[in-house]
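First comes the structure, then the notes that go with it.
The values are calculated or read from the model by the stated rules, or taken from the named source; none is laboratory data. This is a predicted model, so every value here is computed, not measured. Positions of Cβ are generated from backbone atoms using ideal geometry, with glycine treated the same way; all protein chains shown enter the neighbour counts.
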Amino acid sequence: MIRHLIAAAGLAALMAAPAQAQAPMRTAVDGTFAPHAFPNLAGGGVQGFNIDLAREIAKRLNRPIEITATQFSGIIPGLNAGTYDFVAAPVTATKERAESMLFTEGYLDTDFRLVTRRGDAPITDLASLRGKTVSVNRGSAYEIWAKSMEATVGWTVEAFGTQTDAVQAVIAGRAVANVTAETVAAFAVKNNPQIKLDYLHKTGLVWAIPVRNGDTAMRDSIENAIECIKKDGTMATIFERWFGIKPRPDSAAATIFPGSGIPGMAGYVATPREPRC
């Protein structure tokens, strides 16, 4: 109870102080992961869903923000070393990671989506892909999952060096579907009329924002900002801007979850609270 009151006091202080009186929040992204963070060829720097979200969080906290684009492999070590205050890059919340980092509630589902050619019959179940070829980006979580399902589904998995090439394989007829993240699939479809969104595979996992273990005040202030961003519709606006579709009403992008953190994982606080917007 005392720890929760201290965290609440820290949240109030972070929200109340003027931006010019505080040092910038420091965060990082993988700047090659479209549509979440990728080069802005017209204006310079990086752009994407997670860039907009990080800036909106800082705005709600009345803080300036510095966003560094770097390799993902160095971001979490940078967080633990104190280089970054939080991680803006998409991070899947898992029980293993929650032992060494403190997560906010989820802001996006990490579901898998199949992309198929526009005009092809919709895929209603994976069994219909027996004997067919699906494409994936080499080294991705989607390649690992698709290959783990080869014996069960009976499909053949062909891996490509880039996600663009994996989609092109579908357009060219080398694969009947591309397996990727739902948000990546939505961005691809938004920008290419030759393909469409197809079968959705729910994972039950979410992307959430991690802070250093023990930094409850920072976690709670960012979570409060995320909930306000969801509550007033800003999250849905950012979602539709980058993915071209509205978030499902039951998705993490549209749901304010009870307590603080992720239920069932280390660091979760079940104490009910209302977002302070």
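Looking across Arg219, Arg212, Arg174, one residue alone is free of Cβ contacts under 8 Å to residues at least 60 places away in the same chain, of a type in the set (Lys, Arg) and more than 19 Å from Ala37 (Cβ to Cβ). It is Arg174. Across segment 231-247, the number of residues qualifying as touching a residue at least 60 places away in the same chain (Cβ under 8 Å) and out of contact with any Pro (no Cβ under 6 Å at 6 or more places or on another chain) comes to 5.
For segment 178-190, state whether one or more residues are of a type in the set (A, V, I, L, M), closer than 30 Å to Ile57 by Cβ and in contact with a helix residue (DSSP H, G or I) (Cβ under 6 Å, 6 or more places away or on another chain).
Within segment 178-190, one or more residues are of a type in the set (A, V, I, L, M), closer than 30 Å to Ile57 by Cβ and in contact with a helix residue (DSSP H, G or I) (Cβ under 6 Å, 6 or more places away or on another chain).
Tyr84 meets all of the listed conditions (1) part of a loop (DSSP other than H, G, I, E, B); (2) surrounded by fewer than 21 Cβ atoms within 10 Å (Cβ to Cβ) but one, namely (2). Out of the residues in segment 58-91 that are aromatic (Phe, Trp, Tyr) and at pLDDT 95 or above, state the one that is farthest from Cys277 (Cα to Cα). Checked segment 58-91; the qualifying residue farthest from Cys277 (Cα to Cα) is Tyr84. Selection within segment 29-71: residues that are small (Gly, Ala, Ser) and in contact with a Gly (Cβ under 6 Å, 6 or more places away or on another chain). The member of this set that is nearest to Val91 (Cα to Cα) is Ala37.
Scanning segment 92-108 for residues that are surrounded by 19 or more Cβ atoms within 10 Å (Cβ to Cβ) and at pLDDT 95 or above yields Ala98, Met101, Leu102, Phe103, Thr104, Glu105, Gly106, Tyr107, Leu108.
Among the strands (runs of 3 or more DSSP E) lying completely within segment 165-277, list those that include at least 2 residues that are modelled with pLDDT of 95 or more, surrounded by 19 or more Cβ atoms within 10 Å (Cβ to Cβ) and of a type in the set (Ser, Thr, Tyr).
Values: elements: 177-181, 195-201, 206-212.
Strands (runs of 3 or more DSSP E) meeting the threshold: none at all.
The residues of segment 26-54 that are at pLDDT 90 or above, assigned to a strand (DSSP E or B) and surrounded by fewer than 23 Cβ atoms within 10 Å (Cβ to Cβ), listed by number, are Arg26, Phe38, Pro39, Val46, Gln47. Across segment 143-155, the qualifying residues are those that are touching a helix residue (DSSP H, G or I) at 6+ places or on another chain (Cβ under 9 Å) and not hydrophobic (A, V, I, L, M, F, W, C), and the one among them that is nearest to Ile209 (Cα to Cα) is Thr152. The requirement of being in the same structural domain as Cys228 (by TED's automatic domain parsing) and either at pLDDT 95 or above or crowded, with 20+ Cβ neighbours inside 10 Å (or both) is not satisfied by Ile123. Residue-level check: of (1) in contact (Cβ under 8 Å) with a residue 12 or more places away in the chain; (2) more than 16 Å from the chain's Cα centre (by Cα), Asp109 misses just (2).
When the criteria are applied in full, Glu223 meets the requirement of being under 17 Å from the mean Cα position of the chain (by Cα), closer than 17 Å to Arg63 by Cβ and of a type outside the set (A, V, I, L, M, F, W, C).
Among residues belonging to segment 252-277 that are of a type in the set (Ser, Thr, Tyr) and under 20 Å from the mean Cα position of the chain (by Cα), point out the one that is farthest from Gly214 (Cα to Cα). It comes out as Thr255.
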